[in-house]
Each structure stands twice: as C-alpha cells, then as structure tokens.
Amino acid sequence: MQLNAGLLKRLAQAEHPPLLVMLSYDNDLRIDAAGRAYDYTPALPAGLRGHPEQMRHWRSGGADAFATLLEQRIKPQVAARVAVDPQRQTLWGHSYGALFVLHTLFQRPQSFQHYIAVEPSLWWGKGEILQEAQEFMRRPPALHARLQLWVGQQAPQTQPHPDARSSQPADAARQLAQRLNALPGLQADYRQWPGQSHGAMLNTAILPALEAVATGL
C-alpha cells in the first residue's frame, strides 16, 4: 500500500484529516538503512552489540538525539505552518522505526498520544528495549495514550536476522502488549496479520494506521 492521490483525498475528507510529517535524509536512497539504524536505536550498555554481525559497521545509539530533534525542532516548525492539535499526535514506525516508537513511549511518554509500532525489532541489543519496558512498567507515569503493536505472522526461518530467531520468544510482542495494557492510562492493542512477512508489513500497515488516525480510533 503506497500513498497516492486517491488515498490522500480520502484522508483529507475524513472526520479527523491527518497531517502527515515525514522525515528523510537529503539523498536519493528510498531507505537510508545505515542512517536510520543510528537514528532509531537507543544507546546500549558498554560491550553489548545491537546490530547483526553483517551490519556491525553501522552506528547505533542516536534515538534520544532524534527524539530531541522531533520535540525541539520539527514539532515547532510544523506548528508554525499548520494548525495542529497537540493532544492528538501519532508516532508510527516499522522495524527499527518501531523500536524507536517503543523507546519514545518508554522514555518520553508525553511526547505523543498515539503510538503505532509495526514489527518492532525487539531482539535488537539482546532485547534491551524489553528492559526499558520493565523499568517503564515498574514506575508507570501518569498518561493517557494508546499503543498499537502490529506484527506479521511468519515462520521463524523468514525472520529478518538470525538474532531475531534466537534472542526473543515468538510471542514477545503479544506478551509485551498484554503487560502494557494492564497499566493505568495506557491502552495497548496487539494485532497479527497472517501470512505477512517482516518486510511486507511495512506496506500492509500503512493504510490501517492512517485510517485509525483519521477516524480518531
């Protein structure tokens, strides 16, 4: 599912027309994987490796700087150009981007009211994001937010990296959503798409995510 004129027209006519803000590097790459691997990943304890062996040359640990960029530069620039509702803001991400969505929820829960994490790389850094989740649940902040955690249903051998097959249980995302849903002020929903691979979920999840935002769900 790609953004096109027909879809954008439908969204513009919705009950709550969404304002879409998309960020990218100033280059010709459709996806700057190495750059995003830095932007979307949290800092790790010394000695702990995040990226798979074949991507060991990628940097990591830029998630907090990227979150600060969103809060201190991007949001004010958008608000200066378009009327926005600061109480109805959504953060969406896929794979490493979904890892960033969860990190933002756990570290800066007031930044957004709606979080959509699609196929989050829970295995990254030997499950370091799940340690963040533990700390978040141990001392939950006062908030009113929604998390939608979506995954594709795929066989273990089709996981994107060997790390994903070995470091976390197959239902780690479902377990995480269930535990987060028990927190006051946080509605955490889990959804699984049968037959959808990790990569396919990037396109599969775009339309339902936009529809959820446009209908205020």
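The values are calculated or read from the model by the stated rules, or taken from the named source; none is laboratory data. Predicted model, so just to flag it, every value in this text is computed and none were measured. Heads up, the Cβs are rebuilt from the backbone with ideal geometry, glycines too, and the neighbour counts pull from every protein chain shown.
Restricting to the stretch 91-106, what's the tally of residues that are over 10 Å from the mean Cα position of the chain (by Cα) and in contact (Cβ under 8 Å) with a residue 60 or more places away in the chain?
Here is the first cut: in the stretch 91-106, the ones over 10 Å from the mean Cα position of the chain (by Cα) are 106.
Narrowing further to those that are in contact (Cβ under 8 Å) with a residue 60 or more places away in the chain: none.
Total meeting the criteria: 0.
Anything in the stretch 13-42 that is farther than 20 Å from Ala98 by Cα and charged (D, E, K, R)? List them, or say none.
Scanning the stretch 13-42 gives Glu15, Asp26, Asp28.
Please find, among Gly195, Gly199, the residue that is surrounded by 14 or more Cβ atoms within 10 Å (Cβ to Cβ), more than 22 Å from Asp85 (Cβ to Cβ), of a type in the set (Gly, Ala, Ser) and without any contact (Cβ under 8 Å) to a residue 60 or more places away in the chain.
Numbers: Gly195 fails: surrounded by 14 or more Cβ atoms within 10 Å (Cβ to Cβ).
After applying the criteria, what remains is Gly199.
Please go through (1) at pLDDT 95 or above; (2) crowded, with 17+ Cβ neighbours inside 10 Å; (3) among the polar types (S, T, N, Q) for Gln107 and return the number of the only condition it doesn't satisfy.
Among (1) at pLDDT 95 or above; (2) crowded, with 17+ Cβ neighbours inside 10 Å; (3) among the polar types (S, T, N, Q), Gln107 violates only (2).
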